[in-house]
Amino acid sequence: MSKNLKQIAGIAALDFVDDGMKLGIGTGSTAEAFIEVLAEKVATGLSIIGVPTSERTRIMCEKLSIPLTTLDETPHLDLTIDGADEINPQLALIKGGGGALLREKIVAAASDDMLVIADDSKLVDPLGAYPLPIEVNPFGLLATRQLIDRCAGNLDLSGTLKLRMDAAEQPYLTDGGHYIVDASFGRIVDPEALAVALNAIPGVVEHGLFTGLASRAIISSESGARIVEAAVRP
Ligand code: 5RP
């Protein structure tokens, strides 16, 4: 997404932010475009308090003087605003391209609502062209990979499972100290079923399928921003 489309989505998201709100603040380049405009509003008097969904977002918010809290101090939030890697018509999402899926899901689940911000290239049907990030405990990695493979096979899914590496060619570590396996399943027609099956694997800490969390998305394109509501599955 060009910088401009991220800014369009970020600016449009401000319409959903009211004075006094407790906000979940997302991670990724689109969320960062939102954080920039949010900081400008805060500087001119908007009163909000935010829970960042990653260390990267926390550092950016602190630099821009956005007041922050934690879920321990403020366990219930009004709204989370976050990006996504893929969005289907029911607003089921693939998230975690930036590695923050666990905190993103905890924060979204602690919020009354989730608003997704993205450009129109993220709208897909079905999900799955973007590799699904699966956060796993480093202990027993091979066994967990085999169980993920088996669970996918039970749902007629297959594809490569790739351990995410960092710039130093070491396993990428999440903010929670876990690894990420990126699963290239190709077509995920039943994200709910896959979500349930993955959650049943002990070594899986969390996965990037977000179902039933977002009620609206702001989708930006060259012609501006539009609101997409979750479609009812036919
Ligand atoms: C981070 C995420 C991001 O929201 C997702 O990767 C989208 O990022 P971007 O806005 O940079 O395309 O899930 O874990």
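When the residues of the range 11-33 are narrowed to those that are more than 14 Å from residue 107 (Cβ to Cβ) and within 15 Å of the ligand (Cβ to nearest atom), which ends up surrounded by the most Cβ atoms within 10 Å (Cβ to Cβ)? Among residues in the range 11-33 that are more than 14 Å from residue 107 (Cβ to Cβ) and within 15 Å of the ligand (Cβ to nearest atom), the one surrounded by the most Cβ atoms within 10 Å (Cβ to Cβ) is 30. Any residue that is acidic (Asp, Glu), within 27 Å of residue 4 (Cβ to Cβ), at pLDDT 95 or above and surrounded by fewer than 24 Cβ atoms within 10 Å (Cβ to Cβ) - is there at least one of those in the range 86-107? No, the range 86-107 has no match at all.
Just to be sure, is residue 137 surrounded by 14 or more Cβ atoms within 10 Å (Cβ to Cβ), in contact (Cβ under 8 Å) with a residue 60 or more places away in the chain, more than 20 Å from residue 219 (Cα to Cα) and not β-branched (Val, Ile, Thr)? Spelling it out, residue 137 is indeed surrounded by 14 or more Cβ atoms within 10 Å (Cβ to Cβ), in contact (Cβ under 8 Å) with a residue 60 or more places away in the chain, more than 20 Å from residue 219 (Cα to Cα) and not β-branched (Val, Ile, Thr). Quick check: anything in the range 128-139 over 18 Å from residue 173 (Cβ atoms), touching a helix residue (DSSP H, G or I) at 6+ places or on another chain (Cβ under 6 Å) and aliphatic (A, V, I, L, M)? So far as the range 128-139 goes, no, none of its residues is over 18 Å from residue 173 (Cβ atoms), touching a helix residue (DSSP H, G or I) at 6+ places or on another chain (Cβ under 6 Å) and aliphatic (A, V, I, L, M). Can you name the condition, by its number, that residue 45 falls short on among (1) assigned to a helix (DSSP H, G or I); (2) free of Cβ contacts under 8 Å to residues at least 12 places away in the same chain; (3) more than 15 Å from the ligand (Cβ to nearest atom)? The number of the failed condition is (1).
Of these, 169, 206, which one is among the acidic types (Asp, Glu), at pLDDT 95 or above and surrounded by 19 or more Cβ atoms within 10 Å (Cβ to Cβ)? Outline the logic, then answer.
Values: 169 fails: surrounded by 19 or more Cβ atoms within 10 Å (Cβ to Cβ).
Sole residue among the options that is among the acidic types (Asp, Glu), at pLDDT 95 or above and surrounded by 19 or more Cβ atoms within 10 Å (Cβ to Cβ): 206.
Among the residues that make up the range 64-78, is at least one of them closer than 23 Å to residue 127 by Cβ, of a type outside the set (A, V, I, L, M), in contact with a strand residue (DSSP E or B) (Cβ under 7 Å, 6 or more places away or on another chain) and in contact (Cβ under 8 Å) with a residue 24 or more places away in the chain? Among the residues of the range 64-78, not one is closer than 23 Å to residue 127 by Cβ, of a type outside the set (A, V, I, L, M), in contact with a strand residue (DSSP E or B) (Cβ under 7 Å, 6 or more places away or on another chain) and in contact (Cβ under 8 Å) with a residue 24 or more places away in the chain, which makes the answer no.
From the list 149, 175, the lone residue that is within 16 Å of the ligand (Cβ to nearest atom) and either assigned to a loop (DSSP other than H, G, I, E, B) or free of Cβ contacts under 8 Å to residues at least 60 places away in the same chain (or both) is 175. The listed residues are 143, 195, 152, and the only one of them that is within 16 Å of the chain's Cα centre (by Cα) and either more than 23 Å from residue 103 (Cα to Cα) or small (Gly, Ala, Ser) (or both) turns out to be 195. Could you tell me which residue of the range 104-125 is farthest from the chain's Cα centre (by Cα), considering only residues that are more than 16 Å from the ligand (Cβ to nearest atom) and of a type in the set (D, E, K, R)? Looking at the filtered set, the residue picked out is 125. When the residues of the range 209-234 are filtered to those that are loosely packed, with under 12 Cβ neighbours inside 10 Å and among the charged types (D, E, K, R), the one that is farthest from residue 118 (Cα to Cα) is 233.
Test of understanding: among 12, 33, which residue is in a helix (DSSP H, G or I) and touching a Lys or Arg at 6+ places or on another chain (Cβ under 6 Å)? Result of the check over 12, 33: 33.
Looking at the range 62-78, can you tell me whether even one residue there is within 15 Å of the ligand (Cβ to nearest atom) and either of a type in the set (Ser, Thr, Tyr) or surrounded by 20 or more Cβ atoms within 10 Å (Cβ to Cβ) (or both)? Working first, answer last.
Narrowing the range 62-78 to residues within 15 Å of the ligand (Cβ to nearest atom): none.
For the range 62-78, residues within 15 Å of the ligand (Cβ to nearest atom) and either of a type in the set (Ser, Thr, Tyr) or surrounded by 20 or more Cβ atoms within 10 Å (Cβ to Cβ) (or both): absent.
Screening the candidates 83, 128, 96 for the property of being at positive phi, within 12 Å of the ligand (Cβ to nearest atom) and either under 11 Å from the mean Cα position of the chain (by Cα) or in contact (Cβ under 8 Å) with a residue 40 or more places away in the chain (or both) yields one hit, 96. Residues that are surrounded by fewer than 22 Cβ atoms within 10 Å (Cβ to Cβ), aliphatic (A, V, I, L, M) and part of a strand (DSSP E or B) do occur in the range 114-126, at least one of them.
The values are calculated or read from the model by the stated rules, or taken from the named source; none is laboratory data. Source: prediction; values computed, not measured. Ideal geometry is used to build each Cβ from the backbone, glycine not excepted, and the neighbour counts take in all protein chains shown.
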